[in-house]
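Below you'll find the structure, written out as structure tokens, and then a few comments.
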Amino acid sequence: MSSMTNPEEVLATVRQAMSSGDLETAEATLKDARKRWKSEPEFAVRHANVLVKQGKHAQALKVYRKVMKKAPERLDACIGAAECAIQTGKGRLAEKLYSRGIGLGLSLDDATLGIARSLVIRSQHHLAWEKAIVQFKSSGNKSKGLHDLLKEISPQTGISVPVLDQFDTAVIDDNIEGVRRDNIDPRLAENTFAAGSLEAMAGVDRATLVETGDLLSDDLLAVSSSGGTSLGIDLSALQEANDNSNPDATAAASDIQNSDSQGVVDIDVSESSETTDDDDLFDGWPDI
């Protein structure tokens, strides 16, 4: 860590360790950075995030709460502390933290879901049901998280679960990133780009990081020499269909047209000959 003199080097080391799955190196690096730059809460939040991934929720909770004392406006630290409180069985603390999150911008659906779960771990299923059902109905029966919680505690309460309204609710697949791209870009992973983050301190934003990297080309439908685009779509069949029209159909149409023209010529010739014979004025005169 002594060779790392700026936050950019720390971020690069952590990013490389996270992309390779080396949580121990990432945790140690962020721990040293948190002690070195004590006035910057970003290192502490990232350190707590790694601790959560390691399953060390009790240690992460302590780090999150220290961040909340220095930077009470950090919503991510408040949510992280509340989730760690749920994992460690501290329901009353989790309820207070989720309630505090509402004032920091946490949505009512997410806050109610967290408060209800804090009641569930304290075996207060009926009270959790009451809070969850009120918010679920007020949001138009569209919160999937609250609906899943209601289904979970329905056996304990003995109350039927209302129907989830999915008419105009966009449910995005969790694996959508894997569909569009097999691997998440390690340059974008673990980066918040929010105000006060290390990326913002270094003057780097998400757009700049993507534009300067070797990512997908902007010309997504440009056809290469092999007939494929940068998205992997093979357009060679369309090109062949445009270049190679049906020669048999063209030849058949030409033959029909020539045949019709020939028939017209034959009819005109025969009719003209017959007309000449019928109009002969000296046809009935005797030969001399």
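The values are calculated or read from the model by the stated rules, or taken from the named source; none is laboratory data. Since we're looking at a predicted model, the values are computed, not measured. A quick note on method: Cβ atoms are made from the backbone with ideal geometry, for glycine too, and the neighbour counts reach across all protein chains shown.
Of note:
- Just one of the numbered conditions (1) buried (at least 23 other Cβ atoms within 10 Å of the Cβ); (2) closer than 28 Å to Leu164 by Cβ; (3) more than 30 Å from the chain's Cα centre (by Cα) is not true of Gln124: (1).
- Residues that are β-branched (Val, Ile, Thr), touching a Lys or Arg at 6+ places or on another chain (Cβ under 8 Å) and part of a helix (DSSP H, G or I) occur at least once in the range 112-123.
- Residue count, the range 119-171 (criterion: under 24 Å from Thr88 (Cα atoms) and aromatic (Phe, Trp, Tyr)): 1
- Helices (runs of 4 or more DSSP H) contained entirely in the range 4-103, each with at least 3 residues that are at pLDDT 95 or above and surrounded by 24 or more Cβ atoms within 10 Å (Cβ to Cβ): 41-53, 57-70, 75-87, 91-103
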